[in-house]
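Taking it in order: structure first as structure tokens, then the write-up.
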Amino acid sequence: MVRLMAELIPGTNLEKFDVLIATLGENPAPVVISALTLLKPGGELVLVTSPEMRELLVTGIAKVVRERLGLHRNWRPQVLVTDPNAPAVNLNLIEGLTDGKRVAADYTGGKSTMSARLCLAAITDFKSVTTCYVDGDSEKIFLEMYERDRDRITCTSAHAVEQASLEMSELLALHGAKILKSHRPNELSQFYAMFAPTTPSQRSAFTNWQKSLELSLLESQVRIPKFFAIENLIQKYLSEIAEESGGGTVQTGADLKSRLESKGLLDGKFSVIGDKWLEHFIYHTLLAQSQSNDDHAPRLSEIQMGCEPRSDVDITLNQRLDREGECEIDVVAMNGPRFVAIGATTSPSKSEGLLKLFQVASWAKGFGGGEARAALVMGLDSTTSNSELLDNLKLLKAAADRIAGNGKVKVWTIDQFGPRVIREWLK
């Protein structure tokens, strides 16, 4: 009789599991990562949830796991709604759970009480079981194997395995979100790319480029936001890149003007920009970092403009954010397995800035959990002499610290947003 080779967890000699029982909280990503890493094709996924669980999350999990593991189109995970007053999860309610199956219990998601109740049930109900935790910082899944002999429970071994990766599209699909095609960078992006260029090797050459650029913009009478031509922004932003990267070529103002003219963009109106100029700037700043040869530059991938979450996802600001055009993350990216969300605002209004900050922070945490990063970039210069604007900026920065005092949520002005702060934020 030929014995079929067991399917192993990548990079290990550990066999994959027949059944994965996982607690589900607000963020479904750890469950999916665990299933893609540990579950056999055709295995059973059981979601342990609270009575407040949202059906949208289960639908998203089913879609991603089904497509990645090649399961039948009607496949769905079992859902086990827990009794919050019970001391442990009643695993007897799971259909088809029989002796002899390899079982793993993932306690990453949900509240700590639900996780504890699942672990208690698993190690007392099964003769042999593995508990696991998906760790966002190390990008590992930590496994502990338990054996029960009569009344004695022993941890026989522990392992750390590499996590399966999630693509941006899969992470968004878990929440029913989508990238807005209308917001994709167009030919005009070449203009914004000029503000994140390969930098000149010498400061004198850089200064000449700066003066030539300003002259070119003035001569062409392009109607663009004022700060694109002011010395402060160009000096602070581009000189920072020049100091860090060292080396490159000088893009003169004449070259810039020629390229813009060839695209028909020097019509004195720049109507194709619309109100998305700041989003383009953020997009290209991140893009420049993703293409940097600097060993210390953060790993950034799948940078996208315009992410529209589903309006039926519950968040605190749901009713106010559901109006068309407001329920949107301006720029999103992946930093390894970490979700990055950035909002943009050109409004000097304190209330609108706070709304935008709470919006992007709420969605970032909802999509990426506790390891996600959120930021708000404001279209103003931090060196302004306007005391009201400076007071609003201080208030917004203080609000970001209250949302996440560990530096995961940030507020910057456009002249502050550059390679150095991005690297510090995503370290």
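The values are calculated or read from the model by the stated rules, or taken from the named source; none is laboratory data. Being a predicted model, the structure only gives us computed values, none of them experimental. In this analysis, Cβ positions are derived from the backbone assuming ideal geometry, glycine residues included, and neighbour counts consider all displayed protein chains.
A few points about this structure:
- Residue within segment 9-23 that is under 21 Å from Leu120 (Cα atoms), touching a Phe, Trp or Tyr at 6+ places or on another chain (Cβ under 6 Å) and assigned to a strand (DSSP E or B) present: yes
- The set of residues in segment 150-193 being more than 26 Å from Ala372 (Cα to Cα), modelled with pLDDT of 85 or more and either β-branched (Val, Ile, Thr) or within 27 Å of the chain's Cα centre (by Cα) (or both) consists of Ile153, Thr154, Thr156.
- Residue check, Ala35 closer than 20 Å to Thr130 by Cα, within 26 Å of the chain's Cα centre (by Cα), small (Gly, Ala, Ser) and modelled with pLDDT of 90 or more: yes
- Test for Ser301: is it hydroxyl-bearing (Ser, Thr, Tyr) and modelled with pLDDT of 80 or more: yes
- One residue stands out among those in segment 286-298 that are surrounded by fewer than 21 Cβ atoms within 10 Å (Cβ to Cβ) and among the small types (Gly, Ala, Ser): the one that is modelled with the highest pLDDT, which is Ser290.
- Lone qualifier among Val48, Val65 - being of a type in the set (A, V, I, L, M, F, W, C), free of Cβ contacts under 8 Å to residues at least 60 places away in the same chain and not in a loop (DSSP other than H, G, I, E, B): Val65
- Only residues that are within 22 Å of His280 (Cβ to Cβ) and either basic (Lys, Arg) or not in a helix (DSSP H, G or I) (or both) were counted across segment 350-377, and they come to 6.
Okay, residues lined up against (1) hydrophobic (A, V, I, L, M, F, W, C); (2) under 19 Å from Phe17 (Cβ atoms); (3) at pLDDT 90 or above; (4) not in a strand (DSSP E or B):
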residue	(1), (2), (3), (4)
Glu95	no, yes, no, yes
Asp99	no, yes, no, yes
Ala104	yes, yes, yes, no
Gly109	no, yes, no, yes
Thr124	no, yes, no, yes
Val129	yes, yes, yes, no
Val134	yes, yes, yes, no
Glu144	no, yes, yes, no
Arg148	no, yes, no, no
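- Scope segment 81-115; condition without any contact (Cβ under 8 Å) to a residue 60 or more places away in the chain, closer than 25 Å to Glu26 by Cβ, over 28 Å from the mean Cα position of the chain (by Cα) and surrounded by fewer than 20 Cβ atoms within 10 Å (Cβ to Cβ); matching residues: Val81, Asp83, Pro84, Asn85, Ala86, Pro87, Ala88, Asn90, Leu93
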